[in-house]
Amino acid sequence: MTSLHQLTANRPITALRTIVRCPAQATALRQGPEAGAGVAWLAFLCPAHTEALPAWPTVAMHTDVGSMTCGTVLDYRPAEQLLQSHADLWLTPLTGVDPQAFGGIWSDVLDQADRVLSASLDERQTADDVDGPLQGIVTMLDMARRSAAEGDLTQAATALGYCETMALDL
């Protein structure tokens, strides 16, 4: 079995993400593409989810012995790549906000996404249809937006990681 140390070249984890809500222990370790001295990300998956994530292209699979819960991703990419990953996987589909339209200025992207989701939340609350996950996403997206405006893209990506997990419940 290949060790995490071998796969990651002992680089620090930049994000811990949850991409599938599944209580099973992982039996497979799905390896993302190389990024510098090691892999971009590692996804821990159970047999039911091993092949079910086309948005996470795999370059290699390894056996895992239940070291993590299914759906856990250890991400080693820099903050801007993490932000782009969030945009590609859930933020743009949820809000319609395309980072390309803002020239890659993440504070502007997150500001517009926050406006879109806040307006959606206001509409639902007016209709007495309060959406718990959406409320949580709006709260954390505001934190991401403020962090990006202050130039802290790592903190913005961390907040978006929480949003990503809550978006699984939408």
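The values are calculated or read from the model by the stated rules, or taken from the named source; none is laboratory data. Not measured: the values here are computed from a predicted model. Here the Cβ positions follow ideal geometry from the backbone for every residue, glycine too, while neighbour counts run over all protein chains shown. All accessible areas refer to the heavy atoms of the entire protein, side chains included, with ligands and DNA or RNA removed. Shrake-Rupley method; radii C 1.70, N 1.55, O 1.52, S 1.80 Å.
Is the shape of segment 1-79 best called rounded, prolate or oblate, per the rule: a/c under 1.5 gives rounded, else a/b larger than b/c gives prolate, else oblate, with a ≥ b ≥ c the square roots of the Cα gyration tensor eigenvalues? Prolate, since a/c reaches 1.5 and a/b exceeds b/c.
Look at the dipole of the chain built from charges on Cβ: of Trp106, Tyr162, Gly32, the Cα furthest out on the positive end belongs to Gly32. Using a 4.7 Å Cβ-Cβ cutoff, the cysteines of the chain lacking any partner cysteine are Cys163. Per-residue ellipticity at 222 nm, computed for the chain from helices alone with -39500 (n - 2.57) per DSSP H run of at least four residues, works out to -13000 deg cm²/dmol.
Spatial offset of segment 66-90 relative to segment 8-50 amounts to 8 Å, using the alpha carbon center of each. Please report the relative contact order for the chain, taking Cα pairs under 8 Å with a sequence separation of at least 6, and give it as a percent rounded to a whole number. It rounds to 23 percent for the chain. Here the 3J(HN,Hα) profile of segment 38-54, calculated from phi with Karplus coefficients 6.51, -1.76 and 1.60 at θ = phi - 60°, is x, 6, 6, 7, 10, 10, 9, 9, 8, x, 5, 10, 4, 10, 8, 10, x Hz, Gly and Pro shown as x. Amide H contacts of Trp41: Gly32, Tyr76, each under 5 Å away and 5 or more positions distant or on a separate chain (H built 1.01 Å from N in the peptide plane; Pro and chain starts excluded). The apolar share of the surface of the chain, taken as the fraction of accessible area on carbon and sulfur atoms (1.4 Å probe, ligands and nucleic acids excluded), comes to 53 percent. Solvent-accessible area per residue in the chain equals 49 Å², computed with a 1.4 angstrom probe and all protein chains kept.
Over segment 34-117, the ratio between the Cα radius of gyration and 2.2 N^0.38 Å evaluates to 1.28. Between the helical axis of 132-149 and the longest alpha-carbon principal axis of the chain there is an angle of about 90 degrees. For the chain, the longest principal axis of the alpha carbon atoms and the long axis of helix 153-167 meet at an angle near 90°. Summed over all non-identical Cα pairs, the Kirkwood treatment of the chain gives a radius of 16.7 Å.
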